Amino acid sequence: MAPPITLNKKDFSCWVLTENLAGTRNQCIGVANALDIAPSIIDVQLKEPWKSFSPHLGFEQSWSYAPKLEGPWPDLLLTCGRKSIAAARFIKKTSGGKTFSVHIQDPKTSAKDFDLIAAAQHDRLRGDNVIVTTAAPNRITPEKLEQARAAFPQFGDLPGPRIAVLIGGKSKAYDMSANTMRNLCAQLKSIDGSLMITASRRTGEGNEQILREGLKDANAYIWDGEGENPYLSLLAWADTILVTADSASMLSDAGTTGKPVYIIPLEGGGKRINALHQNLVNAHVARMFEGALESWSYRPLNDAQAIATEIKQRLNAQD
């Protein structure tokens, strides 16, 4: 039997292993930060032919990955995303059980492959080794928001109320048509306050052009993609936050601030993302955006800390 793992030992090691996507990586880093651990961050890619195989098969070897996965193995492994599943299982097996393996999101494989799974409420995965979160964990803390305010003090000069608008775009579940963007611009122009807007690559050049043209006469700051990303600063300075329906990560980020969150409807939808929306509405975190804004309060989401607490409890139980 492998020796118990304790967070208190001086050489405690943690890997964050994801598939080179900022959204999945930040979920893991958020948990590591909540544990007050500086992790080693590894972006893993499966080589062919393993890349084309189902992660259920378990045929991988150390050389199946780029970079090659070799020990010494970490005490704690945090993974997120489909492409990290096979690597997590490989490390757990090869370490002889030394590594405590935590996967964020429903892996769609046997829960027994991991010591702990953090699944969002809308995933419906349940089990003895499953902790259920309201949304996605992230790196946002009150301290980081204060730092973000200091990094962009110019937003404090904008007349209040300040409304952050986080725009995603086309995804597997959603589309964002030009007509949808025009309607959104019309709604935003009618809001009394200052708009602070950021768009993603998924928004598309055409929609960004409509956005800039539609709000050219409004009191609106629209990030042009140059220089330091003001994303966290928008969250920090905002009085209210609007997020397009497609982005689970941005909705989770917004709900961690404790500020009123509105979900901007888009064309499309899906069972999982619709369930997330409903869960946020039921938790009084968010409301659907219909043009008008109200103010309310709720207990901020803190899913990263909830996962970190569960990890500590399970590691301590091994001692």
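Pick from A150, A178: which is at pLDDT 95 or above, under 25 Å from K271 (Cα atoms) and surrounded by fewer than 17 Cβ atoms within 10 Å (Cβ to Cβ)? Spell out the reasoning first.
Numbers: A150 fails: under 25 Å from K271 (Cα atoms).
Only one candidate passes the filter, namely A178.
One line per residue, one yes/no per condition, for (1) touching a Ser or Thr at 6+ places or on another chain (Cβ under 7 Å); (2) within 21 Å of I29 (Cα to Cα); (3) not charged (D, E, K, R):
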residue: P107; (1), (2), (3): no, yes, yes
residue: G127; (1), (2), (3): no, no, yes
residue: V130; (1), (2), (3): no, yes, yes
residue: A135; (1), (2), (3): yes, yes, yes
residue: N138; (1), (2), (3): yes, yes, yes
residue: P142; (1), (2), (3): no, yes, yes
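Filter the range 112-168 down to the residues that are part of a helix (DSSP H, G or I) and among the acidic types (D, E), then identify the one that is nearest to K92 (Cα to Cα). Step through it out loud before you land on a result.
So the first thing to find is which residues in the range 112-168 are part of a helix (DSSP H, G or I), and the list is 112-113, 121-123, 142-151, 153-157.
Remaining after also requiring among the acidic types (D, E): 113, 123, 143, 146, 157.
Working: D113: 8, D123: 24, E143: 34, E146: 38, D157: 52 Å.
Here the answer is D113.
Limited to the range 83-119, what total is found for residues that are over 23 Å from the mean Cα position of the chain (by Cα), free of Cβ contacts under 8 Å to residues at least 60 places away in the same chain and closer than 16 Å to Q318 by Cα?
Number of matching residues: 1.
Answer yes or no as to whether L235 is within 23 Å of H277 (Cβ to Cβ), modelled with pLDDT of 95 or more and assigned to a helix (DSSP H, G or I). Even if it seems obvious, please write down each step before you answer.
Numbers: within 23 Å of H277 (Cβ to Cβ): yes; modelled with pLDDT of 95 or more: yes; assigned to a helix (DSSP H, G or I): yes.
So L235 fits the description; yes.
Looking only at the range 1-54, filter to residues that are part of a helix (DSSP H, G or I), among the polar types (S, T, N, Q) and at pLDDT 65 or above; which one of those is surrounded by the most Cβ atoms within 10 Å (Cβ to Cβ)?
Residues of the range 1-54 that are part of a helix (DSSP H, G or I), as a first pass: 22-34, 50-52.
Restricting the remaining residues to those that are among the polar types (S, T, N, Q) gives 24, 26-27, 33, 52.
Then drop every residue that is not at pLDDT 65 or above, which leaves 24, 26-27, 33.
Values: T24: 24, N26: 23, Q27: 29, N33: 21.
Of everything passing the filter in the range 1-54, Q27 is surrounded by the most Cβ atoms within 10 Å (Cβ to Cβ).
Before we move on, is R201 among the basic types (K, R) and at pLDDT below 95?
Details: among the basic types (K, R): yes; at pLDDT below 95: yes.
Answer is yes for this residue.
Within the range 296-316, how many residues turn out to be in a helix (DSSP H, G or I) and not acidic (D, E)? Break it down stepwise before answering.
Filtering the range 296-316 for residues in a helix (DSSP H, G or I) gives 303-316.
In the following step, the residues that additionally are not acidic (D, E) were identified as 304-309, 311-316.
Total satisfying the criteria: 12.
So which residues in the range 254-286 are more than 26 Å from N207 (Cα to Cα) and part of a loop (DSSP other than H, G, I, E, B)?
If the condition is that a residue be more than 26 Å from N207 (Cα to Cα) and part of a loop (DSSP other than H, G, I, E, B), then T257, G258, K259, A283, H284, V285 are the ones that fit.
Name the residue, out of Q278, Q305, that is exposed (fewer than 15 other Cβ atoms within 10 Å of the Cβ), more than 19 Å from I191 (Cβ to Cβ) and either in the same structural domain as R149 (by TED's automatic domain parsing) or touching a residue at least 40 places away in the same chain (Cβ under 8 Å) (or both).
Values: Q305 fails: exposed (fewer than 15 other Cβ atoms within 10 Å of the Cβ).
It is Q278.
The values are calculated or read from the model by the stated rules, or taken from the named source; none is laboratory data. Everything quoted here is computed from the prediction, not taken from an experiment. Because the Cβ atoms are built from the backbone with ideal geometry, glycine has one as well, and the counts that use them run over all protein chains shown.
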